[in-house]
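Report on the structure given below.
The values are calculated or read from the model by the stated rules, or taken from the named source; none is laboratory data. What you are looking at is a predicted structure, and each value in this text was computed from that prediction instead of being measured. In this analysis, Cβ positions are derived from the backbone assuming ideal geometry, glycine residues included, and neighbour counts consider all displayed protein chains.
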Amino acid sequence: MPQPIELYFWPTPNGWKISIALEEMDLPYELKPVAIGEGAQFKPEFLKISPNNRMPAIVDPAGPGGEPISVFESGAILQYLGRKTGKFYPADERARVMVDEWLFWQMAGVGPMFGQASHFRNYAPKLVDDPVKIDYSVQRYNNEVNRLCGVLDRRLEGRDHVAGAYSIADMALYPWVKLAMLYGQDMAVFARVSAWLDRVAARPAVEKGLAVGAELRRPPPEADSEAAKLLFGQTAASIAEAASKQA
Ligand SMILES: N[C@@H](CCC(=O)N[C@@H](CS)C(=O)NCC(=O)O)C(=O)O
């Protein structure tokens, strides 16, 4: 029985990418919750694994050469797991480049833009008492979410999945794109995206991966709460201070 991979995780779209991948690849794993509202991402031992103070991260005790390896950044983790198992990440160079294109599109476009859309829609109204500023920001990021849904919809014309066979690129996209309707997008406009969401959702491993850590979920932090102070307005100096408190 292979030793389980340690999954440093909190139930958010970036975390679910990896719980879905581990389920899809049938790899044993052990959950290591990182309570991001309580500052666990600043613990020195976690920063050694994930210097960007973000989850997800993994430690694979059976890394290259049989030695442990840690990996942070969800895209790098997905590529690592894909190479390790030979699953959902084709070895053929042309097919792999296509998966990489859409994986990086998720990492650089969908993740950050959907993340900001979520922040200004769900969190900012609890933190900032200025509807004009919030409206502008909501509109800006909703437009980007809309544009990105349009790109994906065009891409899915005549395709079941984003980059050839179902791959780590679909796994990276799904947990974010499924939230588009919660950010006010009319998914009837993006019929191919909606059909793809249904296709991916029907996979048992996706259902299992999304259920991981459900009991850990928390409502958005209130203004002036400890969680809001820890999560928002982070600077280099505030991270150093938070890390020294967690040492
Ligand atoms: N680019 C990173 C983003 C990860 C990320 O933003 N994680 C968030 C939760 S979704 C986090 O750990 N936040 C902790 C914090 O803001 O301090 C990845 O894809 O791994």
Open item on the list: If I go through segment 80-101 residue by residue, how many of them are in contact with an Asp or Glu (Cβ under 8 Å, 6 or more places away or on another chain) and within 16 Å of the ligand (Cβ to nearest atom)?
Closed with: 1
Open item on the list: Here's a check for you: in segment 28-75, which residue that is out of contact with any strand residue (DSSP E or B) (no Cβ under 6 Å at 6 or more places or on another chain) and under 17 Å from Gly209 (Cβ atoms) is surrounded by the fewest Cβ atoms within 10 Å (Cβ to Cβ)?
Closed with: Pro28
- [ ] Determine whether segment 82-105 contains at least one residue that is within 30 Å of Ser225 (Cβ to Cβ) and of a type in the set (Val, Ile, Thr).
- [x] no
TODO: Could you please find all residues in segment 85-99 being surrounded by fewer than 18 Cβ atoms within 10 Å (Cβ to Cβ) and either on the phi < 0 side of the Ramachandran plot or in contact with a helix residue (DSSP H, G or I) (Cβ under 7 Å, 6 or more places away or on another chain) (or both)?
DONE: Thr85, Lys87, Ala91, Asp92, Glu93, Arg94, Ala95, Val97, Met98
Open item on the list: Looking only at segment 29-55, count every residue that is closer than 13 Å to Gly15 by Cα and touching a Leu at 6+ places or on another chain (Cβ under 7 Å) and tell me the total.
Closed with: 4
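Is it fair to say Phe104 is assigned by TED's automatic domain parsing to the domain that holds Asp170, within 16 Å of the ligand (Cβ to nearest atom) and touching a Ser or Thr at 6+ places or on another chain (Cβ under 9 Å)? Full working, then the answer.
Working: assigned by TED's automatic domain parsing to the domain that holds Asp170: yes; within 16 Å of the ligand (Cβ to nearest atom): yes; touching a Ser or Thr at 6+ places or on another chain (Cβ under 9 Å): no.
It is false that Phe104 is assigned by TED's automatic domain parsing to the domain that holds Asp170, within 16 Å of the ligand (Cβ to nearest atom) and touching a Ser or Thr at 6+ places or on another chain (Cβ under 9 Å).
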Open item on the list: Against the definition (within 16 Å of the ligand (Cβ to nearest atom), within 20 Å of the chain's Cα centre (by Cα) and not small (Gly, Ala, Ser)), how does Arg218 come out, yes or no?
Closed with: yes
Open item on the list: Which numbered condition in (1) over 18 Å from the mean Cα position of the chain (by Cα); (2) free of Cβ contacts under 8 Å to residues at least 60 places away in the same chain; (3) in a loop (DSSP other than H, G, I, E, B) is the only one that Glu45 fails?
Closed with: (3)
- [ ] With a cut-off of at least 3 residues that are at pLDDT 90 or above and out of contact with any Leu (no Cβ under 9 Å at 6 or more places or on another chain), name the helices (runs of 4 or more DSSP H) lying wholly within segment 120-189.
- [x] 131-155
